[in-house]
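To start, the structure itself, in structure tokens.
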Amino acid sequence: MKNKLSLLIGACSALAATGCTSPAAAPEHPNVIYVFPDQFRNAAMGFWAEDGFREHVDFQADPVHTPRLNRFAHESVVLSSAQSNCPLSSPHRGSLLTGMYPNRSGVPLNCNSDRPVSSLREDAVCIGDAFAQAGYDCAYIGKLHVDYPTPNDPEHPGHYVAEGQPVWDAYTPPERRHGFNYWYSYGTFDVHKNPHYWDTDGHRHDPKEWSPLHEAQRTIAYLKNEGNVRDPRKPFFIMVGMNPPHSPYRSLDDCMEEDYNLYKDQPLEALLVRPNADREREKAASVRYYFASVTGVDRAFGQILDALDELGLAKNTIVVFASDHGETMCSQATDDPKNSPYTESMNVPFLVRYPEVLRPRVDDLLLSSPDIMPTLLGLAGLDAEIPQGLHGINYAPLFFDGKSQRVERPDGALYLQNMNGEKEADGKIRTYFPGARGIKTRDYTLALYIDRKTRRLKKSLLFHDAADPYQLENLPLEEHPETVKDLCARMGRLLKEIDDPWYTENILPELIPYP
Ligand code: CA
């Protein structure tokens, strides 16, 4: 395939003098755009309330205005049960980029300057490396959040890019960009209307514009090749990491007023419609800003789709819409939106449009975070570029043909929660504590928590999702021995496959029969 591609690129180069410079000059492999806002729960897409979609899920859709996603869903393979296994920003992103679980991606914890234990592996062949290797022009736009921050501010050498301790934001120098030749990114920063980015040359930009809309415009400028930033003879791979609807979602500093106006006069009963949502929580009123952010992301995403249409690129471009994790939004008596095994934390949007190739439909594939990299490469016809030894599995054959026998469907997705290891004398964290492991199957969610000192079972969560989709009743393990036995057997097998610390340290062997 690579040979054919370079032949084609060569032929196109020869033609360049005679005008073969159009971005639509039909590369052999499709373009790919992966758009992933942060903390975007799967229920926050209006189409789940429509006929043709609602019968595929057992949850009530949020009453959100998402006209672009609704239309996009009708053109896409829509996964109803994609899972973020370690539903936290950096660990998910590490898995997304490497195709590995957090124990191998280099990113077991959220990245900040106190945690040298958590930083994307420099030696990993990441998704950008693989697409670049296949002859793609690769662009990263928006939030990255996988690097350990160091004092490497390109404009103030020897200084961090942000104040305070620990430092959260980070600058990613060229040698850590893993195949992305176009760069317009930052680590993590939550002032949504005053974002900043470092470009390919390390110059900082402070556009004072709501970040998703700014990133959409940057993506469109790249598509149009303004400033000659990409090689138009190559197919492109773009990742767009939008930050909203990530917190804060508490004022008009966080979202666009026109979007907020859609929700501002609606009573909380009309917005927090699920039976597990507690409208008395202090956080409840923030739902209006969260939904406004969802609607704004929908508009930004729509701008990218419109540009693909205008440029004649839509047909030969795979477009994915996903998120790094969900948002519990007043359920489960917690204000922590993520990092938990609850459906609303783990279940993420995953929509793939590939016109004339993928038949639009809803599929209940239990896709896991590490599966995304090999699956995207597979969808682009780049099976040969999928590195050996990944944790993730290429499920592209299932997208091409829902009945494919070439790849077996997973019968469970792992849940992983890691915490800081012991702080060392210099205040840094160089180990992590694997505090909880669990499994999500079609019918159940199980999570087991251990005590840091004794490594004995401290707490369990067991939900019969098929009968209790809002996870209102935590079932005692001892009352469901057969179910627990079956779930622990599946979990033990998966933990061994990924060489997880729970397997290597033989944690809870009385419950988990590691093979
Ligand atoms: Ca996040």
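Residue pairs whose Cβ atoms lie under 8 Å apart, sitting 6 or more positions apart in sequence or on different chains, and linking a residue in the stretch 467-495 that is within 25 Å of ASN103 (Cα to Cα) to a partner that is surrounded by 19 or more Cβ atoms within 10 Å (Cβ to Cβ) and of a type in the set (Ser, Thr, Tyr), are LEU487/THR441; LEU487/TYR444; ARG490/THR441; GLY492/TYR503; LEU495/TYR503.
When GLY421, GLY435 are checked against the criterion of being out of contact with any helix residue (DSSP H, G or I) (no Cβ under 7 Å at 6 or more places or on another chain), surrounded by 12 or more Cβ atoms within 10 Å (Cβ to Cβ) and without any contact (Cβ under 8 Å) to a residue 24 or more places away in the chain, a single residue qualifies: GLY435. Remark: pairs (first residue in the stretch 34-48, farther than 15 Å from ALA300 by Cβ; second residue of a type in the set (Ser, Thr, Tyr); Cβ separation under 6 Å; 6+ apart in sequence or on different chains) = GLY46/THR66. Within the stretch 331-355, the set of residues being assigned to a loop (DSSP other than H, G, I, E, B), modelled with pLDDT of 95 or more and farther than 19 Å from ASP465 by Cα comprises TYR354, PRO355.
Can you find a residue that is closer than 29 Å to LEU223 by Cα, touching a Leu at 6+ places or on another chain (Cβ under 6 Å) and in contact (Cβ under 8 Å) with a residue 40 or more places away in the chain anywhere in the stretch 320-330? The answer is yes, given that some residue of the stretch 320-330 is closer than 29 Å to LEU223 by Cα, touching a Leu at 6+ places or on another chain (Cβ under 6 Å) and in contact (Cβ under 8 Å) with a residue 40 or more places away in the chain.
For the stretch 249-271, a residue qualifies if it is of a type in the set (S, T, N, Q) and either crowded, with 23+ Cβ neighbours inside 10 Å or in contact with a His (Cβ under 9 Å, 6 or more places away or on another chain) (or both), but none of them does. Considering the conditions (1) in a helix (DSSP H, G or I); (2) within 21 Å of the chain's Cα centre (by Cα); (3) free of Cβ contacts under 8 Å to residues at least 60 places away in the same chain; (4) surrounded by fewer than 22 Cβ atoms within 10 Å (Cβ to Cβ), ALA292 is excluded by exactly one of them, (4). Answer with yes or no whether ALA130 is surrounded by fewer than 23 Cβ atoms within 10 Å (Cβ to Cβ), within 21 Å of ILE238 (Cβ to Cβ) and either free of Cβ contacts under 8 Å to residues at least 24 places away in the same chain or not basic (Lys, Arg) (or both). So ALA130 fails the test.
Here's a check for you: in the stretch 308-335, which residue that is within 22 Å of GLU280 (Cβ to Cβ) and within 12 Å of the ligand (Cβ to nearest atom) is surrounded by the most Cβ atoms within 10 Å (Cβ to Cβ)?
Kept after step one, since they are within 22 Å of GLU280 (Cβ to Cβ), are these residues of the stretch 308-335: 326-335.
Cutting the leftovers down to within 12 Å of the ligand (Cβ to nearest atom) gives us 326-327.
Working: GLY326: 26, GLU327: 28.
Taking the candidates together, the pick is GLU327.
GLU344 falls short on exactly one of the conditions (1) among the acidic types (Asp, Glu); (2) within 16 Å of the ligand (Cβ to nearest atom); (3) without any contact (Cβ under 8 Å) to a residue 60 or more places away in the chain, and that condition is (3).
Among the residues of the stretch 146-159, is there at least one that is more than 20 Å from ALA300 (Cβ to Cβ), in contact with a helix residue (DSSP H, G or I) (Cβ under 7 Å, 6 or more places away or on another chain) and touching a residue at least 40 places away in the same chain (Cβ under 8 Å)?
Step one: filter the stretch 146-159 for residues more than 20 Å from ALA300 (Cβ to Cβ), giving 146-159.
From what is left, the residues that are in contact with a helix residue (DSSP H, G or I) (Cβ under 7 Å, 6 or more places away or on another chain) are 146-147.
Now narrow it down to the ones that are touching a residue at least 40 places away in the same chain (Cβ under 8 Å): 146-147.
Yes, there is a match, as at least one residue in the stretch 146-159 is more than 20 Å from ALA300 (Cβ to Cβ), in contact with a helix residue (DSSP H, G or I) (Cβ under 7 Å, 6 or more places away or on another chain) and touching a residue at least 40 places away in the same chain (Cβ under 8 Å).
The set of residues in the stretch 272-282 that are crowded, with 19+ Cβ neighbours inside 10 Å and either part of a helix (DSSP H, G or I) or not hydrophobic (A, V, I, L, M, F, W, C) (or both) contains only ASN276.
Restricting attention to the stretch 80-94 and to residues that are small (Gly, Ala, Ser) and within 25 Å of GLU422 (Cβ to Cβ), the residue that is nearest to the ligand (Cβ to nearest atom) turns out to be SER89.
Quick check on TYR290: is it within 16 Å of the ligand (Cβ to nearest atom) and closer than 17 Å to PRO212 by Cβ?
Working: within 16 Å of the ligand (Cβ to nearest atom): yes; closer than 17 Å to PRO212 by Cβ: yes.
Here the answer is yes, as TYR290 does meet what is asked.
Residues in the stretch 105-151 that are within 15 Å of the chain's Cα centre (by Cα), among the β-branched types (Val, Ile, Thr) and away from the ligand (no atom under 15 Å from the Cβ): ILE127, ILE141.
The values are calculated or read from the model by the stated rules, or taken from the named source; none is laboratory data. In this text the structure is predicted, and so the values were computed from the model without any measurement. As a convention, Cβ positions derive from the backbone with ideal geometry for all residues, glycine included, and neighbour counts pool all protein chains shown.
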